[in-house]
Amino acid sequence: MTENGSGSKSSLLMSFVKMYGTLPLHGITAIPGKISGALMLADAIEDAVPLIHGPVGCAFQRKVNPFKPHSPFYTTPCTNMNDTDVVYGGEEKLEQGIRETYERYHPNLILVITTCPSDLIGDDAEAVTREVSSEVGCDVVYSTGDFVGRSKPVGYQDAFYAITDQMLCNGTDNGDLKRNEGSVNIVTFPIHGAGIKVAEMASVFNDMEIGVNKVCFDHTRVEDLYELPKADLNITDYPMQWAKLMDERSDVGCYEILGWGRYNEEKDPELLSPYGISGSSRVFMEIAEMMGKDGVAEEVIGRRRSDAEERLSKARKGLDGVKIAAIGGLHGVGLNLFKDAGVDVSVLICRTQIMEGRLTDGAINEIVDMNMNLAEICGFDPETLVNPTIEEEIKAIRRSETDLVIAPSTSAHLYNREGVRTFDPTGFMIHHQRVGFECPIELCRMLKAALKTPQRRTPLLSMLQHDSQMHGLTPHWAKLSRAFSLLRADTIGDGLGVEVGDEVGAGVDVELDVEVDADIGRVEGGFDR
């Protein structure tokens, strides 16, 4: 077994955290695919260790390009498959790797992550893990990337499904499980910072007499995972296959904050924007109704909402008349949050290039229409631009006298060089955007801070030439991105004709690239190893 790059965190690495996000090419491969997504889950479980069954390069890749520069998966043991193993099989190395991983780290869970070579030669990870797990003093689970189909993000979905299937709801140890009646689990994607983002939600539930059984992932350990089936309801931010499996096997219901399934039926764009005062009120009430607490919830939500609206009116001072240009999509800073902040969305920019190889024209038009309808519901009347060049954007921004553009750091320089201030939505979405009444108040403060930043007409990144449509990429990388998208089109089959309401939409297939990733030209889900 090869241990790749373990060691203490580098202070030099930490100093690059803020700067790292501005690099125009970083993130092109930062996609939660099979290996990287599974690593994210393993990293979020404190007493779990991943074991990558493949060549050493598969373990090293995420150290070169981690999702979080300050945490590049320090512990990534690997079976170090070579050419001989590809010919004769790597099952012996996997068996040895599991034993050595346990002897070295003594974890409570080893998550085996298979790779392209071990998958292609057909190594029987199931048989090996079943045999060796009885010889080591911890749980051993394997993830192949095939358990959840096209449900995105694949690696995270697949690894959590494997844990649920092979550990939590395998029908062997759940007979005497004592339920924590009247409680819920709050489970968010590891990158979303559960501890920070669900504190207010947990407080509201407490007032509504709904218990919180477990919060994941917030210092989560294996023993916490085993207690997930005790709850009555799993609350997830995105549609999750593991939650549906737990519902089937352990009768733990599931509630998805982003209501994809309901949107398919009702076509209400507000169901995909569950933030802000009104969105949060709806989510809290729906959960209360599922838990049989709608009576007490009405008073709690009303009181909390009234208090938040009073403080929000003070936080909005100074934002009256401020005009912003927002990026449309299925994700991003919700338009209803801008409504709560008291600003006016004067320009709405919709980019669909990254989706054109995988969705029908009808599906793409539905996404654009959904954003326009949501803008109308929120009381905005923006000038809508579909796939504009940067020159067309700048003209519209100046024509409407827009004060601030909502743009990630990868494309902010294109506006800054024209003297237009920008607000980076990425940090807000990851660390602040959440269900709760405090979120719009925080947004007000952050928008005010952005409006006070000095205008920068000569940002360093403006020295590079950028593609006219994929603003965050140089022309060379934009061509590669389009080529990869065309090559990948043949691998997704029915995805070329899928509508938003079909399975790909329900599985959040366009989750990560419609908003943020479309802006920087990533190819979602491809080349994930």
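The values are calculated or read from the model by the stated rules, or taken from the named source; none is laboratory data. Since this is a predicted model, take the numbers as computed values, not measurements. We place every Cβ from the backbone using ideal geometry, glycine too, and count neighbours over all the protein chains shown. SASA here: full protein model, heavy atoms, side chains in, ligands and nucleic acids out. Shrake-Rupley method; radii C 1.70, N 1.55, O 1.52, S 1.80 Å.
Observations on the structure shown:
Residues are listed down the side, and each one gets a yes or a no for (1) of a type outside the set (Ser, Thr, Tyr); (2) buried (at least 21 other Cβ atoms within 10 Å of the Cβ):
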{"position": "Gly122", "(1), (2)": "yes, no"}
{"position": "Val128", "(1), (2)": "yes, yes"}
{"position": "Val136", "(1), (2)": "yes, no"}
{"position": "Asp139", "(1), (2)": "yes, no"}
{"position": "Ser143", "(1), (2)": "no, yes"}
{"position": "Lys152", "(1), (2)": "yes, yes"}
{"position": "Gly155", "(1), (2)": "yes, yes"}
{"position": "Cys169", "(1), (2)": "yes, yes"}
{"position": "Leu177", "(1), (2)": "yes, no"}
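- Only one entry in Tyr102, Tyr156 is at pLDDT 95 or above, out of contact with any Ser or Thr (no Cβ under 7 Å at 6 or more places or on another chain), assigned by TED's automatic domain parsing to the domain that holds Gly37 and among the hydroxyl-bearing types (Ser, Thr, Tyr), namely Tyr102.
- Gly276 being within 29 Å of Arg421 (Cα to Cα) and modelled with pLDDT under 95: yes
- Complete set of residues in region 23-45 that are open to solvent by 40 Å² or more (accessible area, probe 1.4 Å) and either modelled with pLDDT of 95 or more or among the β-branched types (Val, Ile, Thr) (or both): Thr29
- Of the residues contained in region 231-253, none is found to be modelled with pLDDT under 90, in a helix (DSSP H, G or I), outside the structural domain of Cys138 (by TED's automatic domain parsing) and surrounded by 19 or more Cβ atoms within 10 Å (Cβ to Cβ).
- Residue list for region 230-242, restricted to those being in contact with a Cys (Cβ under 9 Å, 6 or more places away or on another chain) and under 9 Å from Asn185 (Cα atoms): Leu233, Asn234, Ile235, Thr236
- Checking Thr2 against (1) at pLDDT 80 or above; (2) more than 21 Å from the chain's Cα centre (by Cα), the condition it does not meet: (1)
- Here is the figure for region 116-153: residues that are touching a Pro at 6+ places or on another chain (Cβ under 7 Å) and either part of a helix (DSSP H, G or I) or within 19 Å of Phe60 (Cα to Cα) (or both) total 1.
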